[in-house]
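Below is one structure, written out as structure tokens; the observations come after it.
None of the figures in this text is laboratory data; all of them are computed from the coordinates on show. All values derive from a computational prediction rather than experimental measurement. Here the Cβ positions follow ideal geometry from the backbone for every residue, glycine too, while neighbour counts run over all protein chains shown.
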Amino acid sequence: MAEHLTWTVGPVRITRVEERITGVPWAGLVPAGADHLESCRPWIDPYVSGSGNSLLLSVHSFVVETPETLIVVDTCVGSAEGAQLAGDPAFGDRLARVVGGFDNVDVVVCTHLHFDHVGWNTVERDGQLVPTFPAARYLVTADELDADRDEEDTASYERAIAPLEAVGCLDAVESTHRIDPWVTLESTPGHTPGHVSVRITADDEVALILGDLVHTPLQFAFPEAPSNPDYDPAQATDTRRRIVSEHGNEPTLLLGTHFAPPTAGHVEIDENGNARFV
């Protein structure tokens with residue numbers, strides 16, 4: 001288990017809290033990745049297995065602490081039954097220590113509603129599912145809430161979202177919603193209809209928490225390489241190309257929600273138009 005990684009953007013502190021890292025064969029998540037792997041050496045190496053046969057899929061939350069607001073971005077897998085990835089019961093204790101107790105959290109951002117991003121939204125107490133963060137507002141875009149859901153997403157919704165609606169702590173927000181002077185949501189659709197990233201800005205410093213816009217940094221170099229779960233692969237490709245165009249050779253700190261350590265970096269584009277993540 002990696003030590004908590006931290007970054008600062010002006011007065012804002014960002015902390016990565018890991019649930020687990022799992023090796024996933026390229027074919028299982030980003031099939032085209034195997035074809036492009038060698039052209040991405042050596043900068044891709046921290047994010048793949050030693051053999052290169054698998055990408056290292058990290059599941060973690062980001063805790064964003066601004067001068068006004070304590071925010072948790074995505075809550076990992078949790079104890080959902082039948083999940084494709086196993087959760088870690090000890091994750092809750094690690095997260096609680098970072099935030100100083102669940103009662104301290106003001107806002108929970110769900111970049112989208114896949115099971116590995118909402119699992120700790122709720123916990124079971126006395127046979128009932130209740131909000132893990134009792135004082136927090138949980139934010140999901142209206143487009144994400146209105147989207148069609150398959151069987152897996154429906155089960156995740158019933159466990160991690162419906163109990164929040166029942167007690168009135170869920171807010172349906174726009175994809176450009178501002179949380180406070182430093183943190184806003186940014187629309188990055190394609191992986192799901194209402195998917196958002198989280199932008200942190202302080203003066204000239206910018207960071208972007210990506211959600212599932214990309215599952216591996218290889219997709220910065222090859223934005224056309226889709227992820228199997230992408231709802232609209234063409235739209236997801238367009239969104240990745242936009243992010244590379246906007247942030248390539250810029251000081252924007254990009255934080256991958258599924259990137260193994262070092263997790264964050266910058267997109268550099270060479271004179272031939274080739275992108276890498278460093």
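With a length cut of 24 Å (Cα positions projected on each helix's long axis) and a Kyte-Doolittle mean of at least 0.5, go through the chain and give me the DSSP H helices that pass. Kindly include the intermediate steps, with their values, before the conclusion.
On the way: long enough: none.
For the chain, where a helix must reach 24 Å along its axis and average at least 0.5, there are no hits.
In the stretch 112-166, what is the volume of the convex hull around the alpha carbon atoms, normalised per residue and reported in Å³?
On the way: hull volume 4.4 nm³, N = 55.
Once divided by residue count, the hull of the stretch 112-166 is 80 Å³.
When averaged across all projection directions, what area in nm² does the alpha-carbon convex hull of the chain cover? If you can, show how the numbers build up before the last one.
Working: hull surface 54.9 nm².
The directionally averaged projection comes out at 13.7 nm².
Quickly rank 249-259, 210-220 as a protection proxy: mean count of other C-beta atoms within 10 Å, highest first.
On the way: 249-259: 20.6, 210-220: 27.2.
Ranking, from highest mean packing down: 210-220, 249-259.
Compute the relative contact order of the stretch 187-278 as a whole-number percentage, counting only Cα pairs closer than 8 Å that sit 6 or more residues apart in sequence. Mind dumping the intermediate values first?
Details: 178 pairs, mean separation 26.7, N = 92.
Reported as a whole number, the value is 29 percent.
Suppose every K and R has +1 on its Cβ and every D and E has -1 on its Cβ; what is the size of the dipole of the chain about the Cα centre, in Debye to the nearest 20?
Details: 16 positive and 44 negative charges, 120 e Å.
Charge dipole of the chain: 580 debye, to the nearest 20.
Kirkwood Rh, Cα Rg: Rg to Rh for the stretch 1-90?
On the way: Rg = 15.8 Å, Rh = 15.1 Å.
Rounded to two decimals, Rg over Rh is 1.05.
Let's test this: bin the Cα-Cα distances of the stretch 177-278 at 10 Å from zero up to the farthest pair and state each bin's percent.
So the P(r) values, bin by bin, are 16, 50, 30, 3.
With a cut-off of 8 Å between alpha carbons and a minimum separation of six or more residues, what is the relative contact order of the stretch 16-97 in percent? The partial results should precede the final answer.
Working: 104 pairs, mean separation 26.3, N = 82.
Relative contact order here is 32 percent.
For the chain, give the share of DSSP beta bridges that are antiparallel, in percent and rounded to the nearest 5; count only bridges with both residues there. Could the numbers behind the result be given before it?
Numbers: 44 of 57 bridges.
Just about 75 percent of them are antiparallel.
Name the residue farthest towards the positive end of the dipole of the chain from the options Leu29, Ile71, Val99, assuming +1 on Cβ of Lys and Arg, -1 on Cβ of Asp and Glu, about the Cα centre.
Farthest along the dipole direction, towards plus: Val99.
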